[in-house]
Amino acid sequence: MDVALVYNVKKEENSTSESDSQPSSLTQTTTRTHTQLASGVDAYAEWDTIETIHAVRDALSLRHSVSLIEADDNAFERLKSSRPDIVFNIAEGRFGASREAQIPAILEMLNIPYTGSDPLTLGICLDKSRAKEILSHYGIPTPKFTVISSLSELRVLNFSVPAMVKPLFEGSSKGIFNASLVRTTKELEQQVQSVIEQYDEPALVEEFLPGREFTVALLGNGGDLQVLPIVEIKFDSLPAGVNPIYSYEAKWIWDQSTNPLEIFDCPAKIDERLRLEIEEICRKTYHILRCRDWSRIDVRLDKNGRPNIIEINPLPGILPNPEDNSCFPKAARMAGYSYEQMLNAVLDSACKRYELL
């Protein structure tokens, strides 16, 4: 089968885009430093490393003919001219709240099959407030929240600090720092102002849940949907004195492949009742938001130990190196999938939906 892998590559690593005629341009490796963070270079945090793009290509190439198409200004014409049998989509996009939906929308316009969720689901899940509104309608527990576009709106906050302050339309812990957990009104105002100014988008202010945190990988569709082993985030592995949240620093600065944190338990050490409760809430969330083929869902327990949905990731991170602590591959390995088997299982799920198998 002719498969096109559509991607965005981290630009701080590589200023040359790859095309079919230039397969050697993806040759550098990733370096994550505090200098990059401090200088504001988290614009590409959601995009994939060269190593990941190569690994996905190589995995799919075990069974298919794979071409590479960067999700840039030329993507539409390249997809229109090449017309692959199916696209394996890992493109996160760059601009706007609909950026994750842009490549799938192009593919639907061209009537080309693709992996993963459709543009509507991708747009809703990236807008954290819209996803939470839908889940609340269906009775799925999620922390109380409000969307703040200016500091004057903070007076309508219907819950008290401590609270989490996040950019409304970001992923990969972008914009979620150790300082995002605020405990005073002054900290709340400062963090909201920082988000609005730095990201030019509203801030999501969310009730802070004090319990344990988990992330759950799901693979497949309908009756074939699998909930992979649950991953727990162990906050006691973080540096002393920092907040118990999975921040940008925790994901990209303190946790390095050369010195990885022992931050995850997979499978999570939880009793059967809680495991089933988490699995059930994630299955419901997956179906309610109409996720397809795969997704990773973040869950946190409230003060009563009740699971709440805090975020849905229909384009989950898939770093290939086990030392990089990427949660979807970690859960898949625990379920018995190699990295290559995991990615081909995602592709097979999409092919089955389109009746290409």
**OP:** Write out, first by first residue and then by second, each pair whose Cβ atoms fall under 7 Å of each other, whose residues are 6+ apart or on separate chains, and whose first residue, in the stretch 61-85, is of a type in the set (Lys, Arg) while the second is outside any helix (DSSP H, G or I).
**Re:** Arg78/Ile69; Arg83/Ile112
Original post:
Looking at (1) at negative phi; (2) in the same structural domain as Leu315 (by TED's automatic domain parsing), which is the one condition that is false for Gly220?
Top reply: (1)
Subject >> Cβ-Cβ under 6 Å pairs, at least 6 apart or on other chains, the stretch 230-252 side assigned by TED's automatic domain parsing to the domain that holds Arg275 and within 8 Å of Asn178 (Cα to Cα), far side buried (at least 17 other Cβ atoms within 10 Å of the Cβ) and of a type outside the set (S, T, N, Q) >> reply: Asn243/Leu181; Ile245/Leu181; Ser247/Ile176; Ser247/Phe177; Tyr248/Ile176; Tyr248/Phe177
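Let's see how each residue does on (1) within 29 Å of Gly93 (Cα to Cα); (2) touching a helix residue (DSSP H, G or I) at 6+ places or on another chain (Cβ under 8 Å); (3) surrounded by 15 or more Cβ atoms within 10 Å (Cβ to Cβ):
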site: Ile233; (1), (2), (3): yes, no, yes
site: Trp252; (1), (2), (3): yes, yes, yes
site: Asp271; (1), (2), (3): no, no, no
site: Ile281; (1), (2), (3): yes, no, yes
site: Lys284; (1), (2), (3): yes, no, yes
site: Asp293; (1), (2), (3): yes, yes, yes
site: Asn304; (1), (2), (3): no, no, no
Subject >> Failed item, numbered, when Ala75 is tested on (1) buried (at least 18 other Cβ atoms within 10 Å of the Cβ); (2) touching a Ser or Thr at 6+ places or on another chain (Cβ under 7 Å) >> reply: (2)
**OP:** Those residues that are within 23 Å of Ala55 (Cβ to Cβ), charged (D, E, K, R) and part of a loop (DSSP other than H, G, I, E, B), I need them from the stretch 81-130; list them, please.
**Re:** Asp85, Glu92, Arg94
**OP:** Return the pairs, sorted by first residue and then second, in which the second residue is modelled with pLDDT under 95 and of a type in the set (Phe, Trp, Tyr), the first residue lies in the stretch 211-228 and is over 12 Å from Ala335 (Cβ atoms), the beta carbons are less than 8 Å apart, and the residues are 6+ apart or on different chains.
**Re:** Glu213/Phe235; Glu213/Tyr246
Original post:
Out of all the residues in the stretch 91-130, which are surrounded by fewer than 24 Cβ atoms within 10 Å (Cβ to Cβ), among the small types (Gly, Ala, Ser) and at pLDDT 95 or above?
Top reply: Ala101, Ala105, Gly123, Ser129
Subject >> Neighbours by Cβ (under 9 Å, 6+ apart or cross-chain): first from the stretch 148-161, among the polar types (S, T, N, Q); second surrounded by 10 or more Cβ atoms within 10 Å (Cβ to Cβ) and assigned to a loop (DSSP other than H, G, I, E, B) >> reply: Ser149/Glu201; Ser149/Pro202; Ser150/Pro202; Asn158/Lys144
**OP:** Give the stretch 79-90 a look and list any residue that's more than 14 Å from Thr115 (Cα to Cα) and buried (at least 20 other Cβ atoms within 10 Å of the Cβ), or say none.
**Re:** Leu79
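Test Ile278 against the criterion of being in contact with a Pro (Cβ under 8 Å, 6 or more places away or on another chain), of a type in the set (Val, Ile, Thr) and more than 19 Å from Glu207 (Cα to Cα), and give yes or no.
Yes, satisfied.
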Original post:
When only residues in the stretch 342-357 that are within 20 Å of the chain's Cα centre (by Cα) and not hydroxyl-bearing (Ser, Thr, Tyr) count, which is farthest from Leu62 (Cα to Cα)?
Top reply: Ala350
Original post:
With (1) surrounded by 19 or more Cβ atoms within 10 Å (Cβ to Cβ); (2) assigned to a strand (DSSP E or B); (3) of a type in the set (Val, Ile, Thr) as the list, and Ile245 as the residue in question, which single condition is left unmet?
Top reply: (2)
Original post:
Given the structure, is Pro322 free of Cβ contacts under 8 Å to residues at least 12 places away in the same chain, surrounded by fewer than 20 Cβ atoms within 10 Å (Cβ to Cβ) and more than 23 Å from Ala131 (Cβ to Cβ)?
Top reply: yes
Subject >> Single residue of Ser247, Ser180 found to be modelled with pLDDT under 90 and either of a type in the set (Phe, Trp, Tyr) or at negative phi (or both) >> reply: Ser247
Original post:
Is it the case that Gly171 is assigned to a loop (DSSP other than H, G, I, E, B), outside the structural domain of Ser338 (by TED's automatic domain parsing) and closer than 30 Å to Tyr354 by Cα?
Top reply: yes
Original post:
Across the stretch 187-231, which residue is surrounded by the most Cβ atoms within 10 Å (Cβ to Cβ) among those that are among the hydrophobic types (A, V, I, L, M, F, W, C) and assigned to a loop (DSSP other than H, G, I, E, B)?
Top reply: Leu228
Original post:
Regarding Ile288, is this residue among the aliphatic types (A, V, I, L, M) and over 30 Å from Leu60 (Cα atoms)?
Top reply: no
Subject >> Residue that is assigned to a loop (DSSP other than H, G, I, E, B), buried (at least 21 other Cβ atoms within 10 Å of the Cβ), aliphatic (A, V, I, L, M) and touching a residue at least 40 places away in the same chain (Cβ under 8 Å), where the choices are Ile140, Ile176 >> reply: Ile176
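The values are calculated or read from the model by the stated rules, or taken from the named source; none is laboratory data. Just so we're clear, the structure is a prediction, and the values are computed from it rather than from any experiment. We place every Cβ from the backbone using ideal geometry, glycine too, and count neighbours over all the protein chains shown.
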